[in-house]
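*Asks:* After the structure tokens below, expect a handful of questions from me.
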Amino acid sequence: MEDYIQNLDVNQYFPMLVSGATNVLIAALILIVGVFIAKKVDRLICDIGAKYQKLDDTLFRFLGSLGKYVY
């Protein structure tokens with residue numbers, strides 16, 4: 001085992017590690033941006049519903065949630 005560790009070339013694994021880390025960071029960035037936009041869509045729909053007093057607020061909360069999860 002000790003002989004294997006001494007002959008191990010770390011440089012052969014470095015490009016694969018960088019590639020995997022890059023993919024994880026891009027996926028996390030896409031997730032964060034998606035959650036941010038989904039919250040904005042929800043807030044926009046709820047604010048539109050707040051303008052109309054005669055319409056049911058529950059409907060716009062439902063549509064806001066639907067918009068958030070569809071996006």
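Just so it is clear, none of the values below were taken in a lab; they were calculated from the coordinates. This is a predicted model, so every value here is computed, not measured. Using ideal geometry, Cβ is built from the backbone for each residue, glycine included, and neighbour counts are taken over all protein chains shown.
*Asks:* Among the numbered criteria (1) exposed (fewer than 12 other Cβ atoms within 10 Å of the Cβ); (2) hydroxyl-bearing (Ser, Thr, Tyr); (3) in contact with a Gly (Cβ under 9 Å, 6 or more places away or on another chain), which single criterion is violated by Tyr13?
*Replies:* (3)
*Asks:* May I ask you to list the residues in the range 22-44 that are more than 14 Å from Lys68 (Cβ to Cβ) and more than 13 Å from the chain's Cα centre (by Cα)?
*Replies:* Matches in the range 22-44: Thr22, Asn23.
*Asks:* Which of the residues spanning the range 45-60 are farther than 13 Å from Tyr71 by Cα and either among the aliphatic types (A, V, I, L, M) or surrounded by 12 or more Cβ atoms within 10 Å (Cβ to Cβ) (or both)? Spell out how you get there, then give the answer.
*Replies:* Start the filter on the range 45-60 by keeping residues that are farther than 13 Å from Tyr71 by Cα, which leaves 46-60.
Those that are farther than 13 Å from Tyr71 by Cα and either among the aliphatic types (A, V, I, L, M) or surrounded by 12 or more Cβ atoms within 10 Å (Cβ to Cβ) (or both): Cys46, Ile48, Gly49, Ala50, Leu55, Asp57, Leu59, Phe60.
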